[in-house]
Amino acid sequence: ANMPAYIVDLYSPGVFMNCKQLETVTFASWEMNCECIGVQYFYGCSKLKELTIPAGVGYPVYGLENFVGCTSLEKFTQYIMDWNWLDCYENDFAGCVNLKSFELLWVDEFAYDEDENVIGYAEVSPAYVLSSGGSIWADTLVKQVRIGCDRNGKAYLYGPCFRDSAIEVAVIYAGGYIEVCTNEYYGEPGMGVFSGA
């Protein structure tokens with residue numbers, strides 16, 4: 001699938017839902033202008049192997065099973081521009097059993113051509129996940145993630161985020177404290193965050 005530069009709205013739900021033959025998604029633009037990714041956007045895309053989301057998703061939030069059923073997904077990359085975090089919850093990558101690379105990159109500087117058109121990213125630095133809820137990386141092969149804190153210095157871990165995963169390093173930037181507990185919104189107790197990992 002080729003996403004032309006004039007596509008700015010990624011908020012609609014289930015756009016590629018159950019597209020069983022979809023293997024690649026290519027964005028024509030290095031800079032989007034949209035609010036967030038819609039519910040179940042890539043749900044059930046069992047042949048999707050790699051996905052890179054360009055910068056410019058104004059409020060980068062994933063939730064409600066965006067990538068559930070993406071069993072062939074190996075690499076996920078998102079470039080972030082307006083915020084230095086991505087909010088994830090509700091089993092986003094749960095069951096992506098081949099997911100090895102999960103990378104969030106903050107765009108420090110764009111690269112331009114002689115006509116001042118954006119042609120890439122000149123400088124990037126690591127970004128982090130704000131909230132980890134549900135079974136977000138359960139059963140994946142992801143080995144390292146960065147988890148940040150909110151404006152009050154609190155980092156959140158809800159539900160069995162890393163259950164039966166290959167996680168080796170979880171870097172948690174907690175400016176105050178880490179909340180690992182039951183939360184009705186996420187529906188599962190946080191005390192099983194690393195169960196079986």
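For the pairs 20/49; 20/143; 47/75; 100/143, note any where the Cα-Cα span goes beyond 18 Å.
20/143
Quick one: accessible area per residue over the range 101-143, 1.4 Å probe, rounded to a whole number of Å²?
That works out to 45 Å² for each residue.
Determine, for each peptide in 20-27, 151-158, the mean count of other beta carbons within 10 angstrom over its residues, then list the peptides with the highest first.
My ranking of the peptides, most packed first, is 151-158, 20-27.
Quick one: if you stick a label point 7 Å off each Cα along the C-beta vector at residue 23 and residue 75, how many nm between them?
Simple spin-label model gives 1.5 nm for this pair.
Return the distance in nm (one decimal) between the two label points of a simple spin-label model at residue 178 and residue 5, each offset 7 Å from Cα along Cα→Cβ.
Reported label-point gap for residue 178 and residue 5 is 4.4 nm.
What residues qualify as long-range amide H neighbours of residue 55, i.e. H under 5 Å apart, gap of 5 or more or another chain, H built at 1.01 Å from N?
When sequence neighbours closer than 5 places are left aside, the close amide H contacts are 32, 79.
Points 7 angstrom from Cα along the Cβ direction at residue 166 and residue 31: gap in nanometres?
So the two model labels end up 3.6 nm from each other.
Residues with amide H under 5 Å of residue 68's amide H, sequence separation 5 or more or different chain, H placed in the peptide plane at 1.01 Å from N; which?
44
Calculate one ³J(HN,Hα) per residue across the range 152-157 by plugging θ = phi - 60° into the Karplus curve 6.51 cos²θ - 1.76 cosθ + 1.60, and present them in order as whole Hz with x for glycine and proline.
For the range 152-157, the Karplus-derived couplings read 8, x, 9, 9, 10, 9 Hz, x marking Gly and Pro.
Could you list which residues have their amide H under 5 Å from that of residue 86, counting only those 5 or more apart in sequence or on another chain, with H placed in the peptide plane?
128, 129, 130
The values are calculated or read from the model by the stated rules, or taken from the named source; none is laboratory data. Just so you know, these numbers come straight off a predicted model, no measurement behind them. Reconstructed Cβ throughout: ideal geometry from the backbone, glycine too, with neighbour counts over all protein chains shown. Just so you know, the surface numbers come from the protein's heavy atoms only, side chains and all, with ligands and any DNA or RNA stripped out. Shrake-Rupley method; radii C 1.70, N 1.55, O 1.52, S 1.80 Å.
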